[in-house]
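Student: Got a structure for you, questions after.
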Amino acid sequence: MAGIKTKAPDFLEELPHRTDAPCPPEGGHRQSFESLWRYVDSDPPTVADFRSKAAEGKRRHPAATACQWASCSMFLAKNVTYQALPKPRKQYKYVARVSITPNCGVTMLGEGIHVNFWPFATFVPKVIEVVEL
Amino acid sequence: MTDQAKTLPRWKEPEAKFVGTLVYLDEPQVVFLDHGADAKIIGVAIDRDGMDYGFLGAEISWHQWQRYKRQFVDLRYLFLLPRWKRWYLFDLAAMNESTCMVPVIRAKEDVYKNEDYLPSHRFFAREHTAQIEETVASELKTETYYIDGAWDPADLSLFFGRINDLYSFFLGLKKFVSAQTTPDQKRGLVEAFTDNTLHSGFNYVNLFGDLKGLVGYDERLAMGAIKKSSPGFVEIAGQVETLGEVTEAFVNYVANYDELKEKYNELHSYLSRGKLLKKEPARFDQKGVVAKFIRQKGEAFSAQLDVDYGTLDKLTHGDSLKTAKILLSFHRRLERYQLFFTEGRVSLDDPKRVASSPSIVAIPDA
């Protein structure tokens, strides 16, 4: 697992193995976030709410990398705006605020407030609050 | 006007090039496709039977895309009023990953008006989770104007001049806000937009003349082929984006003719009554009540004209009187340009009757 300095636990999901494109990528780190926000389907959210599309058995989206497809999207701030989009509006009922520690998994900051998250097998979401959409 | 917009020559191929993802939430939710000269498709992910990664796309102009990026409009607006009045369905699962080409099919009204497929209001570009590498639309494009009735060389010259005024105006504004424009060039633009009040009062002919002088040779509008018969056509080449802005301004002008005329008359009358049309700029109190009132009216007029007031405000150093005069002048240019269409002598529609006359005359660049 390139980019991660210490031996990490197993991941919750099997991640793609490619020597030219490590997963999680170089920019991924085990780090703490007092809170990250995740669109979820249940209250309280369970580990199942943090499954990637790959784990759901969906074939990779051509506009996503294999590694991205095996991650789940989280956000640095509470942002319910994505509910304005047709698919999230239909798919998600809540947005949950969770605390993330280095033992939860690997995160990688994207542009804006988006964060990719690859949870470890031991991950149990520590939920701070759940907001109905 | 929408009919005219519909018949503008566009890239008609039933496929578009995937450019990038704008919003990613577990999967691509908003994507951007290139569909040819001045035609971009912005798509939102939808659930639709028979499609793995289905999207509804709206075909917008480059100018609309820029306005969306600058948050003048939200995403829903692009789907309700896409410039080219076309909506598409596409499945990114069918994308050719080596060429990035995606088959697109025209969506019918029951699809593009289906609320389940439309984004809600108040989703702005600031929510994007990714930036895309854009192709700068600086390439040249040829626009065909179909002509009819009697045309002599002076008429052609006048018509070209009318388009050129509007083209130079938009190109001037674009260059002023562009990071690629040098400080000297920007100074020239500021002078063109502001100095004319010193010597020409309300007559802004010089403004448009000066603007043309500031446009690079590679950016200038040029007249291409002409078929001077009845009916015939005139081809005019210029920057894709700027020519698109001219067309959009014209469509907007026709669609909002009454409101624009009312706002024009109101502003013009106010300046006339206050003898401000020819007032020496240095003697105008830019912070007074009158200036504030003019600004208020100018902003409303500018919004209706779909011209960015903020840019003009910067160009005139916050002088609301100068800005108002520029807007009035711009409106008159649109009015004069539109006259050719009202007279029935020019159309953006292809009447499909053009092929009969052999009298094709090539005219060198203007």
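A short reminder: the numbers here are calculations on the coordinates, not readings from a lab. Fair warning: this is a prediction, and the values are worked out from it, not measured in the lab. FYI the Cβ positions are ideal-geometry reconstructions off the backbone, even for glycines, and counts take in every protein chain you see.
Student: Just tell me how shielded A:102-115 is by partners: mean number of partner chain Cβ atoms within 10 Å of each residue's Cβ, no decimals.
Tutor: Across A:102-115, the average partner-chain Cβ count within 10 Å equals 2.
Student: Now for a different question. How crowded by other chains is A:87-96, given as the mean number of beta carbons from other chains within 10 Å of each beta carbon?
Tutor: For this peptide, the per-residue mean of nearby foreign Cβ atoms is 4.
Student: If you add up the charges near residue B:337, with Lys and Arg at +1 and Asp and Glu at -1, over every other residue whose beta carbon is less than 14 angstrom from its beta carbon, what do you get?
Tutor: Residues near residue B:337 contribute -2 overall.
Student: Let me ask something else. Across peptide B:86-93, what mean number of C-beta atoms from other chains lies inside 10 Å of a residue's C-beta?
Tutor: If you average over the peptide's residues, the count of other-chain Cβ atoms is 1.
Student: If you rank B:46, B:105 by fewest surrounding Cβ atoms within 10 Å, what's the result?
Tutor: B:105, B:46
Student: Okay, moving on. Would you compute, from DSSP H runs of 4+ residues alone, the mean residue ellipticity of chain A at 222 nm, taking -39500 (n - 2.57) per run and dividing by the full residue count, rounded to the nearest 500?
Tutor: -1500 deg cm²/dmol
Student: Please list, in order, the residues from the stretch B:100-116 whose amide nitrogen is less than 18 Å from a point placed 7 Å along the Cα→Cβ vector of residue B:132.
Tutor: Of the residues in the stretch B:100-116, B:100-107 have backbone N under 18 Å from the label point off residue B:132.
Student: Continuing with this model, one more query. Strictly over 28 Å apart at the Cα level, which of A:93/B:108; A:53/B:108; B:186/B:325; B:174/B:292; B:17/B:141; A:87/B:17 would you flag in this model?
Tutor: Violating the 28 Å limit, Cα to Cα: A:93/B:108; A:53/B:108.
Student: Another question, if that's okay. When a footprinting reagent is the concern and you count Cβ atoms within 10 Å, what order do B:235, A:129 take, fewest first?
Tutor: A:129, B:235
Student: Ranked highest first by the average count of other Cβ atoms within 10 Å around their residues, in what order do B:146-152, B:276-282, B:309-315 fall?
Tutor: Going from most to least packed, we get B:309-315, B:146-152, B:276-282.
Student: Counting other C-beta atoms within 10 Å, and keeping those with at most 10, which DSSP coil GluC sites (Glu not before Pro) do you find in the stretch B:51-148?
Tutor: Qualifying residues, ordered by number: B:97, B:133.
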